[in-house]
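Okay, so here's the structure we're looking at.
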Amino acid sequence: MKPILCLEQPGGSAGATLAELQYPAVSRSMALSQAELLGALPAVGLLVLVGEGKVADIASLAWRRAGLRSLVWTDDVGLAALLPLQPYLILVDGDQLGRITGRPATSAREAMVAATALIETGPLVAAVALEEGDLLLVSPVGAWRAVLPGAQPAAEPAPLTAERAGRLLAGLARGLLQELPPAEILRQSVAIAGGQEAQAVRVAAVR
């Protein structure tokens, strides 16, 4: 199986998380040159981008030159540039989802409606981090929510950080390359990010 290429800003954790899982991954800085990126693409099976800046350029080049799917967490500016390119998956929190869609996205139901509208014109899949240990996955074939045992709603949901986003994307990327069903990909991602066994994570369809 080809490794996952993780391009991250300082503080990103996707590459380190995959190394902990003993899953093949190549971890590089977001600042690598175009020549370095082109040299790395043929040897990898999936691209994870964690950071701000030129994510749209990198994702576009990876798709055009190597047909690589991208899983991305970035800021609003990067996301606005990225969405027309239709990346495979974006990871957002409820606040960012609300800003880019103009829809409320504080509850799981609201987030599902907003993410469904988003994937009609942008990414194929949207992952929405609602709270710590609470992740929603929305795709054209359905929506699922995974919750760690004991996860409690926060008074003010913390925004996603590069570290947390990296761990979630590492789990999503691993499950995708293993060709697991969407609900199981979601389960494993939340378990990996929370440092718990996958069997402990509750997953349910959202309608």
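Which ones in segment 47-105 are in contact (Cβ under 8 Å) with a residue 40 or more places away in the chain, of a type in the set (D, E, K, R), buried (at least 17 other Cβ atoms within 10 Å of the Cβ) and part of a loop (DSSP other than H, G, I, E, B)?
Once the filter is applied, which keeps residues that are in contact (Cβ under 8 Å) with a residue 40 or more places away in the chain, of a type in the set (D, E, K, R), buried (at least 17 other Cβ atoms within 10 Å of the Cβ) and part of a loop (DSSP other than H, G, I, E, B), segment 47-105 yields only R69.
For G175, which of the numbered conditions (1) more than 23 Å from A200 (Cα to Cα); (2) in a helix (DSSP H, G or I); (3) touching a Lys or Arg at 6+ places or on another chain (Cβ under 9 Å); (4) not aliphatic (A, V, I, L, M) fails to hold?
Result: G175 fails condition (1) only.
Report, ordered by the first and then the second residue, all pairs with beta carbons closer than 8 Å, sequence separation of six or more or different chains, a first member in segment 190-207 that is under 19 Å from L21 (Cβ atoms) and at pLDDT 90 or above, and a second member that is among the aliphatic types (A, V, I, L, M) and part of a strand (DSSP E or B).
V190/L135; V190/A146; V190/V147; V201/A146; V201/V147
Taking segment 159-207 on its own, how many of its residues are aliphatic (A, V, I, L, M), farther than 20 Å from T116 by Cα and more than 12 Å from the chain's Cα centre (by Cα)?
The qualifying residues number 7.
Looking only at residues that are over 17 Å from the mean Cα position of the chain (by Cα), at pLDDT 90 or above and part of a loop (DSSP other than H, G, I, E, B) in segment 24-46, which one is farthest from R174 (Cα to Cα)?
For segment 24-46, the residue satisfying everything is V44.
I'd like the residue in segment 171-182 that is crowded, with 19+ Cβ neighbours inside 10 Å and among the aliphatic types (A, V, I, L, M) and, out of all such residues, is nearest to A19 (Cα to Cα).
A173
Evaluate segment 21-35: report whether one residue or more is in contact (Cβ under 8 Å) with a residue 24 or more places away in the chain, touching a helix residue (DSSP H, G or I) at 6+ places or on another chain (Cβ under 8 Å), more than 16 Å from G78 (Cα to Cα) and surrounded by 24 or more Cβ atoms within 10 Å (Cβ to Cβ).
The answer is no; no qualifying residue exists.
The values are calculated or read from the model by the stated rules, or taken from the named source; none is laboratory data. No experiment lies behind these values; they were computed from the predicted model shown. Neighbour counts are summed over all protein chains in view; Cβ atoms, including those assigned to glycine, are modelled from backbone coordinates with ideal geometry.
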